[in-house]
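Structure first, commentary second.
The values are calculated or read from the model by the stated rules, or taken from the named source; none is laboratory data. Keep in mind that this is a model prediction, so the values were computed, not measured. All Cβ positions, even for glycine, are placed from backbone atoms using ideal geometry, and neighbour counts span all protein chains on display. The area values use the complete protein model at the heavy-atom level, side chains included, leaving out ligands, DNA and RNA. Shrake-Rupley method; radii C 1.70, N 1.55, O 1.52, S 1.80 Å.
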Amino acid sequence: MSAARTGPGNTEPREPVRYERRGPVAIVTMDRPDHRNAQNSAMTYALDRAFYRAADDSDVKVVVLAGEGKHFSAGHDIGTPERDAHLPFDRKAGLWWDHSDKEGAESRFARESEVYLGMCRRWRELPKPVIASVQGACVAGGLMLAWICDLIVASDDAFFADPVVRMGIPGVEYFAHPWVMPPRIAKEFLYTGDRMSAQRAYEVGMVNRVVPRAELGDRTLELAERIADMPRLGLALTKRAVNQAEDLQGLHTGLDSVFGLHHVAHAHNAETAKDSLGGMDVRAMKEAAR
């Protein structure tokens, strides 16, 4: 399911996520640069293993989530050769049944409850600070990965977008839009599908820092190491306190309600259009954006 390493005679399976330790900081790196780090299920479960590894390591105080190559993540995999949405995986995020032998809404709702909404909720609750290090595209499903992080450091060439309204769908599955930015900004962001620059994201409070592209890795690590000086339990309790405040402001129930609307849109597309994505594959999305 994962890509093969390039090079003469080298066909060793390649993990879609890398994990490394730098002192008290674990760096988790999405590693499908040829596909702009599009998220197939193999990557999702590899991310889950990496986050668990960081959680289990008492010497890790802070986690950095990064993307290899020019882009952080272009979102869900809707068209690469390793797209694996039809395959079964060992479920980790909930008790929904296997989607791979089901059809229609029963299949899609079960799968997305697991790999999108369920996984993102689990990762948001990791009791260690997580910092997203974002460059280039952070689009659709890429937003979900950045938003579950406690802090976002963006390079000056980063941009953010959720263009799935073009599919007739009200935003990505982890619908945190009205919490990570003001509601009117969220509406404009969704209604237009336009790209939001890193500077604009900083201005509306979605991003903590904007740094030169060449300095992104070093500046993110510098911030992570500064945070790692704090007591582990103090960081965990502070994270829980802020997350609980967000949930009291409706984040948890809001995610549930919009997840249902998301699947109403998929079902409508399946009845009235070419497929559950409204016929909008990668090429169609790019052409519509132009």
Report summary line: When (1) within 11 Å of the chain's Cα centre (by Cα); (2) closer than 13 Å to Phe72 by Cα; (3) not acidic (Asp, Glu) are applied to Phe159, the one that fails is (1)
Query - Residues located in the stretch 52-63, provided they are open to solvent by 10 Å² or more (accessible area, probe 1.4 Å) and either touching a residue at least 40 places away in the same chain (Cβ under 8 Å) or not acidic (Asp, Glu) (or both) - result: Tyr52, Arg53, Ala55, Ser58, Lys61
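Please tell me if Asp229 is among the acidic types (Asp, Glu), farther than 17 Å from Glu112 by Cβ and open to solvent by 40 Å² or more (accessible area, probe 1.4 Å).
On the way: among the acidic types (Asp, Glu): yes; farther than 17 Å from Glu112 by Cβ: yes; open to solvent by 40 Å² or more (accessible area, probe 1.4 Å): yes.
Criteria met by Asp229.
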Query - Per-region count, the stretch 64-91, residues open to solvent by 80 Å² or more (accessible area, probe 1.4 Å) and in contact with a helix residue (DSSP H, G or I) (Cβ under 6 Å, 6 or more places away or on another chain) - result: 1
Query raised in the report: Does His263 count as over 30 Å from Pro24 (Cβ atoms), open to solvent by 70 Å² or more (accessible area, probe 1.4 Å), touching a residue at least 12 places away in the same chain (Cβ under 8 Å) and out of contact with any strand residue (DSSP E or B) (no Cβ under 9 Å at 6 or more places or on another chain)?
Result: no
Query raised in the report: Only one of these conditions is not met by Thr44: (1) under 18 Å from Ala140 (Cβ atoms); (2) touching a residue at least 60 places away in the same chain (Cβ under 8 Å); (3) open to solvent by 50 Å² or more (accessible area, probe 1.4 Å). Which number is it?
Result: (3)
Report summary line: Val204: passes all of (1) under 18 Å from Val63 (Cβ atoms); (2) open to solvent by less than 30 Å² (accessible area, probe 1.4 Å); (3) over 19 Å from the mean Cα position of the chain (by Cα) but (1)
Query - Only listed residue being open to solvent by 40 Å² or more (accessible area, probe 1.4 Å), modelled with pLDDT under 95 and at negative phi, chosen from Glu20, Glu15 - result: Glu15
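Please determine, by comparing only the residues of the stretch 23-39 that are under 14 Å from Leu221 (Cα atoms) and of a type outside the set (Ser, Thr, Tyr), which one is surrounded by the most Cβ atoms within 10 Å (Cβ to Cβ).
For the stretch 23-39, the residue satisfying everything is Ala26.
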